[in-house]
Structure formats: C-alpha cells, structure tokens
1. Cα atoms only: what Rg and Dmax, in Å, come out for region 201-262?
2. Please give the Cα centre distance for region 471-546 versus region 238-296, rounded to the nearest Å.
3. For Cα pairs less than 8 Å apart in space and 6+ apart in sequence, what is the mean separation divided by the residue count of the chain, i.e. the relative contact order in percent?
4. Work out the length of the dipole vector of the chain about its Cα centre, built from +1 on the beta-carbon of each Lys and Arg and -1 on the beta-carbon of each Asp and Glu, and round it to the nearest 20 debye.
5. I'd like the Kirkwood hydrodynamic radius of region 376-475, using the inverse of the mean 1/r over distinct C-alpha pairs, in Å.
6. Based on Cβ point charges of +1 for Lys and Arg and -1 for Asp and Glu, what charge dipole magnitude is obtained for region 139-264 about its Cα centre, in debye rounded to the nearest 20?
7. Can you order the peptides 502-514, 295-307 by their average number of other Cβ atoms within 10 Å per residue, highest first?
8. At 222 nm, what value in deg cm²/dmol follows for the chain if DSSP H runs of at least 4 each add -39500 (n - 2.57) and the sum is divided by all its residues, to the nearest 500?
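The values are calculated or read from the model by the stated rules, or taken from the named source; none is laboratory data. Just so you know, these numbers come straight off a predicted model, no measurement behind them. Because the Cβ atoms are built from the backbone with ideal geometry, glycine has one as well, and the counts that use them run over all protein chains shown. These area figures cover heavy atoms from the full protein model, side chains too; ligands, DNA and RNA do not enter into them. Shrake-Rupley method; radii C 1.70, N 1.55, O 1.52, S 1.80 Å.
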Amino acid sequence: MKNLSLVLFLLMMAGSTVYSQTDSASHYDQHLAFDPLFYPSNGNAYRSASGQPGPAYWQNRADYKIVASLDTAEHLVKGSVVITYKNNSPDALNFLWLQLDQNIYREDSRAQATTLVSGGRRAFTKGDELNSVDVVMNGVNTKAKYKVSDTRMQVWLPKPLPGKSGMLQLKINYSFSVPQHGTNRMGRLDTKNGWIYEIAQWYPRMCVYDDVEGWNTLPYLGAGEFYLEYGNIDYTITAPANLIVVGSGQLQNPSEVLTSTVIKRLNQAKNSDKTVTIIGADELSGTSFHPAKSTLTWHFVCNITRDVAWAASKAFVWDAARINLPGGKKALAQSVYPVESATDSAWKRSTEFVKGAIELYSKEWFGFTYPSATSVAGGTAGMEYPGIVFGYWKEKAGGVWAEANHEFGHNWFPMIVGSNERKYPWMDEGFNSFINGVDTKVFNHGEFNKKSDLQKIAPYMFNKNADDIMTIPDVMQQNFLGIAAYTKPAAGLDILRYHILGEERFDSAFRIYVDRWAFKHPTPWDFFRTMENVSGEDLSYFWRGWFLTNSKLDQGVTAIKYVDNDPTKGALITLVNNGQMVLPVPLLIEQDNGKTDSLTLPVEIWQRGGKWTFQYPSTAKIKKITIDHDHDYPDINPSNNTFTGAPLKPVPQGMSAADVINTYLKAIG
C-alpha cells in the first residue's frame, strides 16, 4: 500500500497547477549560483553597507595652477605647475605619489616592454623631463627628494603631512615632446592648413590615496586609463597667435585672444539651438579671427574636475550651439575640425550630436557639470577628457555620432562618478556603453539605433579563454578587452534594466548611484549594494554570474505535456538550465488557435535546481515555445531555446486510472 499511495500522490500532483523538479541539470549547481556569502565585508564608517558614502567618508583634494607654452617648431610643451594638495585622510603621509604619463613613450618604459610586437608604441620621446621639483610646507620651500619609477614619481616630504586637512604645495617645472601618435590618447595630425595638436596627460598629476588601497600606484601601461583626485584647475597656454586653442573649462580672457567678430558669433551660438559658424573654412587663410600679435596666452579654469585637456591648431573650422540643461542652466556645445573634415556632412553635424547627447544624458541621469563641451577632429580616434573629446577626422555620420555619444558619455563615467579605471574599466567603459545605448534609442528618433543580437556574440563572449569583467585591463587579453570592458557589462545592465528590475526601478537606483558618488570614488561593491538596496532585490546571483565569473548561460525547453492529455486543461512545460549562469526566463508561447502570450518566469525557479516544470493555462495545443525571442540574452546554445509541440498521444479506449496503477504495480512487482 505504501507504493500504491505514492502512485496516487503522483497522479494527483500531475493535475495540480504548478510543480517543480529538483534534479539539477548536468552542469549547474544552485548552491553556487545563489550562495549568499557574496560581499567581501560589511559596511564601515567610510562606506555604508547600503552602498552610499559613510558618515566618515573622505577623499583627498588636488588643485592645480599650470602655466604652459606650445612650441610648434619643436612640437614641445613646456610647463610649470603648482599643485595644492590637501590630505583629508586620517593618516599622516610621509611621501606622495604622482603620475608622469608621458613616460609611457620612452623606449625603456614598461609599456613598451610589455606591448605585443604587432601593436607597438609607434612613437618614442624622452617622456616627462623634470627641471625642478620643490615642496612648500608651512611657507618653507624645500628642494624635493624624489624618485621616478616608469610612469610614477615618489616625492619624500621634509616632514609628515598631517591627516585631516594637512596641506602643502608641490612646484614642478617640466617639458615633453608631443608624439605624433600618442597611443590613441593624444598626439598631432598634419593637415593642409597646419598641425592639429591634441594635448592630454600633459602635467604631473596626483595619484589617488583612498580608504580602499591607500596609494593607488599601478603603472600606466596604456590599457587601464585613469584614477584621479578632484579639485580646481587653472591653466594658461601660450601659443602662436594664429592658433585657435580650445580646452576643458571656461575661457577666462576671450577679449585678449579673440576678435570682436568671433566673440559676437560665440554669443550668438550661446543663444541658439541651431549650429552657428564661429570660424568658417573660407576664413582660415586670413587673420580676421585673431588679434595681430605673435603669440597669445589662453586662460582656462575648470572647477570640480579630475583632469583637463586642450587642443590647438590654425587649421580649425569652428562652430557652436547652446546646450539646454535641467533647471534652466545652459552650456556651450562646440566642434573644431580641419577643412578636410568640413567637406563631409558628418563633421558639420558634430555640434548637433554633442548637444543632443549631453541634453539627453543630463535629463536622464545627472546634469552636465562643465561650461562647455568641445569635440575635436584630429588623429586620435575617440578619447575623452572633462568637457573635451578627441574624435577621428575621417569619421562618417554614424561614426561622428558614436564618438560624440560615447566620448561625452564619459563625462558621467568616470568624470562625474570618479571610479578607478586602472582596475575596473567596466565602471567607465561598461556604464558608458550602457547609457550610450539608451541615448541612441532616443536621439533623433533612433536615427543611429541598431539592436544587438547577443545570441550571435555569445560564443565569443563566453570563449574558454575570455576574461571576466573584474579582470584588470592590463591583464586582459587584447582581443577580449572590448567584450569584458564594454560589451558584456553594458549588455548585463540592459538585462538588469529590462528583464530583472524593470526600467522604473533600475533607473531610480542608477540615478541614486550617480548622485551618491558624484565627484567621489566608488568601488564595485558600492555600486552593487546601491542597486540592491534601492531596488529591493538580492542581485548577488547576477553580480556573481555576470561580473565575477565567466559563467555561461544555456537555458532550454525540453518538454510539453498536457493535463489529462487535454490541451484545454493546461500545459506542463519543462525548462532546463544547463550553464552556471542564472537569469529570469522570458518566454513566447504560441498556440494552434493563434493566441500568443509573452511571460517571464523569475530567476528564483533555478533555486530548486536545473530543471523546472510549470503549468501554462493553454486553451489549445501549443504550436511553439521560444526562450528569449528577441535575442536579448547571450545564450551559448540557442538550439534548445525553441520547442515545437509534439502530436498528442490518444488515451487507449477503455483505459482508466486503475488500469494505470495496476500496470505500474505489475512493472515493479
């Protein structure tokens, strides 16, 4: 009777609304997927467990006063910088670390020694040449004791700099040759009207000292980008008078470097939603756009920033338009490019693209914080700095939009939200690629929008040699950097937004993350905790599967049965999860009667194991079931994502439940 009772119980369960099966698929372990021991530590006074800065959060500050000149005959930048450094940490500092990024171009640099033969530096210089380094503490100027190690410089202090608001100044005189091909970060381009100089990473910059690692001193090898302190930067550039200079921040002395005609046009652009020509292609051979002097000194100020960059050329065509920001604020969108680019309609739309991208980002996530946004066409193919980006001069329309959209997206990540690009490139490139997609869907009614098919790139994304997202960029294989830093994190955020949290909850949490960490230094854990706390979801399975491991996704449909073998009484559909990654299951169910349903099963179905059966209220035979009909998931085995309903097996005439039981008892003895 014990066996008979079991059979009767199973028969009753076959007619119930939902049942589960806990036997795991062959390559899936639910204990690993949903392990609650996820975060490395609990919150503390510096960083809350909720993902926000703690009550004792601190970060140091660096203000810069830079005086520089550009020698166009020698392609040389000479400068002097006074760095006012404030130690807000609780620690006394015996030494400071600075970045000397120009040393990457030295023949004896680590970057050169660790670069593949097929991808050399392309240009060599002597790097940063230091003429003097002084420390000023309590009004006393001391010649500094310092040591340069590749792209870093350690400065020993005459006495410890006290914590909690200790302050000093560093005075450094330096120079460097501008490389023609600056590893796609900076450089110079020769055009028919003269050189275009794109100048970045051009002054000694403070390394970050934080509560996570102390001094962050990873050498600059070219893949990982920046991690910098915030402050105000005041800088002047002295250059030949026939050069137009554009840079991060606000030009302080327009009347000294521009003619009244140019100033009038700029004022017109500041009040125009349409692009206004500031200097036309037909004006470059004359002298009407600059004062009659041999050299001019351009003065810029950029506040609450982590960096500045600039560009200079006598070959610039220049146009501009107004940017409309939330709360009635305004900024200036502008583009400078050579006549070779001006003949193509693409760069003529550059200012339109800059304006459109920044207005959309400001409305959706956080208001743009700089007074101007300048796009420069030159030899550098896509590089970002606060308020200024470098784009490739030969780009076509879609490329100019993509560069403007992507590079200015970086003004949110990592210019506003100051994450550590040296270690976590996905926190700038991945976040940025994600908001680029959101922006592109809206801009000009989706003019440049192309939907991604993640199923097609799944084999590459989950290649056995692929790096996971949390790998530092200098360790990533070059052919996987684009996937691990850009594509995969952006796709993951799309899935989180559209399939897990929904747009409203995701957007609310993401905005709060940006607001919490604007002009601060978040870690990945601060992001993870913020998204969970604001959305109200435990997302540890998602962070683990998508960000911390190279787990693969393989969901499938394996069976369709009907209650009492009657489609009008409901269908029992069996799903499997064969990979270690878990996600909700979006389904498209088509019946023979023409009825179609879309539904999503929550990720929690995989807490029971790798197989799940649920009841669907069918009213006719199911024609087809498809998982992820829109290809939003990178499923490595899409062949099992579709299941076509099999013909019904008729019940033999006269067969009863008692007959089934008796047949079973005979079979088992």
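1. Cα radius of gyration and Dmax of region 201-262 are 17.3, 52 Å respectively.
2. A separation of 42 Å, based on Cα centres.
3. Rounded, it is 14 percent for the chain.
4. I would put it at about 600 debye.
5. For region 376-475, inverting the mean 1/r across all distinct Cα pairs yields 15.0 Å.
6. For this selection, approximately 420 debye.
7. Packing proxy ranking, top to bottom: 295-307, 502-514.
8. -6000 deg cm²/dmol
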